[in-house]
Amino acid sequence: MDIKISPSILGANFCNLEKDIKTLEEGGIKAIHIDVMDGNFVPNIAFGPDQIKMLRKISNTLEFDVHLMVANPEIFIDSLVEAGADTITVHVETCTHLYKTIHTIKSFGIKAGIALNPATPIETVKHVREMVNKVLVMTVEPGFGGQAFIPGMKEKIRELNELKLSNGLDLEIQVDGGINLENISNVIELGCTDIVVGSAMFENGDVCETLRQFNSKIS
Ligand code: DX5
Ligand code: ZN
């Protein structure tokens, strides 16, 4: 499976968003990660269907990888699909009827992912593993960019990769939180195939050069 970098636009400078998204596309990025937060499941608010629809005017070809950090994900699925989401990832901690929620996402012909908070064990994955396209391992507590990677999550990624390999699953393992130029190679070695990068991609303001450095880590 190819390694993919998914820049998280939560970390972007919104004043430069259009320019930076174009720079990312020119640098070979195929997907951007869009965090949706409701101030309930997480103590922060970010992006909704209206903003995602506007982003679609900037790019019609980028994969929109939508990470739902909301208390009731089911109520947003329709509008996010309509806004242009290509993948919707829900937190298992928020879904009483996880099987049904995944089924609903897939019924729109888009990809479905499940996300696990740092303290959520990987056992949940076992029962829906054939249905999902992606498992997102949170390596920080969700809600904010710029936090430090939790070292204990390395073991979780390794275990998840073992589950994937021993069952021959066609599963993307995505990592989200605290990824930078120093630790990206390590999470790839552990089995991650989709790497979300927020603040480390945008914070120094030179997205073109920073992306070149990240690309050199995956080639
Ligand atoms: C945090 C979000 C992340 C965030 C990552 O809850 O899910 O996608 O943007 O930012 P960094 O890479 O700065 O940890
Ligand atoms: Zn995210």
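A few remarks follow.
- Candidates 66, 42, 70, 81 - the one that is touching a Leu at 6+ places or on another chain (Cβ under 6 Å) and not basic (Lys, Arg): 66
- Residue within region 156-171 that is within 16 Å of ligand 1 (Cβ to nearest atom), in a loop (DSSP other than H, G, I, E, B) and either more than 15 Å from the chain's Cα centre (by Cα) or under 24 Å from residue 66 (Cα atoms) (or both) present: no
- Residue 178 vs. criteria part of a loop (DSSP other than H, G, I, E, B), within 10 Å of ligand 1 (Cβ to nearest atom), farther than 24 Å from residue 85 by Cβ and open to solvent by less than 50 Å² (accessible area, probe 1.4 Å): yes
- In region 3-24, the residues that are part of a strand (DSSP E or B) and of a type in the set (Gly, Ala, Ser): 6, 8
- Selection of region 85-122 for residues being of a type in the set (A, V, I, L, M, F, W, C), under 18 Å from residue 160 (Cβ atoms) and open to solvent by less than 70 Å² (accessible area, probe 1.4 Å) yields 90, 92, 98, 102, 112, 114, 115, 116, 122.
- Selection of region 194-213 for residues being crowded, with 19+ Cβ neighbours inside 10 Å and either assigned to a loop (DSSP other than H, G, I, E, B) or within 13 Å of ligand 1 (Cβ to nearest atom) (or both) yields 194, 195, 196, 197, 198, 200, 201, 202, 210.
- Near pairs, Cβ below 6 angstrom, 6+ apart or cross-chain, from region 188-212 (among the aliphatic types (A, V, I, L, M)) to any residue that is in a loop (DSSP other than H, G, I, E, B) and within 13 Å of ligand 1 (Cβ to nearest atom): 195/179; 197/179; 200/180
- Unique residue being surrounded by 15 or more Cβ atoms within 10 Å (Cβ to Cβ) and modelled with pLDDT of 95 or more when the list is 82, 26, 63: 63
- Being free of Cβ contacts under 8 Å to residues at least 24 places away in the same chain, in a helix (DSSP H, G or I) and over 26 Å from residue 180 (Cα atoms) is a condition met by no residue of region 42-50.
- Tabulated pairs, region 115-131, first touching a residue at least 24 places away in the same chain (Cβ under 8 Å), second acidic (Asp, Glu), C-beta under 9 angstrom, 6+ apart or interchain: 115/93; 115/176; 116/93; 117/93; 117/141; 118/141; 120/93; 122/159
- Per-region count, region 124-155, residues open to solvent by less than 20 Å² (accessible area, probe 1.4 Å), over 22 Å from residue 32 (Cβ atoms) and not in a helix (DSSP H, G or I): 1
- Qualifying positions in region 77-100 - in a helix (DSSP H, G or I) and closer than 20 Å to residue 138 by Cα: 92, 93, 94, 98
- Conditions (1) open to solvent by 50 Å² or more (accessible area, probe 1.4 Å); (2) closer than 30 Å to residue 213 by Cβ; (3) of a type in the set (Lys, Arg): number failed by residue 53: (2)
The values are calculated or read from the model by the stated rules, or taken from the named source; none is laboratory data. All values reported here derive from a predicted model rather than from experimental measurement. Here the Cβ is made from the backbone with ideal geometry for all residues, glycine too, and neighbour counts use every protein chain on show. Ligands, DNA and RNA are excluded from the accessible area calculation, which covers all protein heavy atoms including side chains. Shrake-Rupley method; radii C 1.70, N 1.55, O 1.52, S 1.80 Å.
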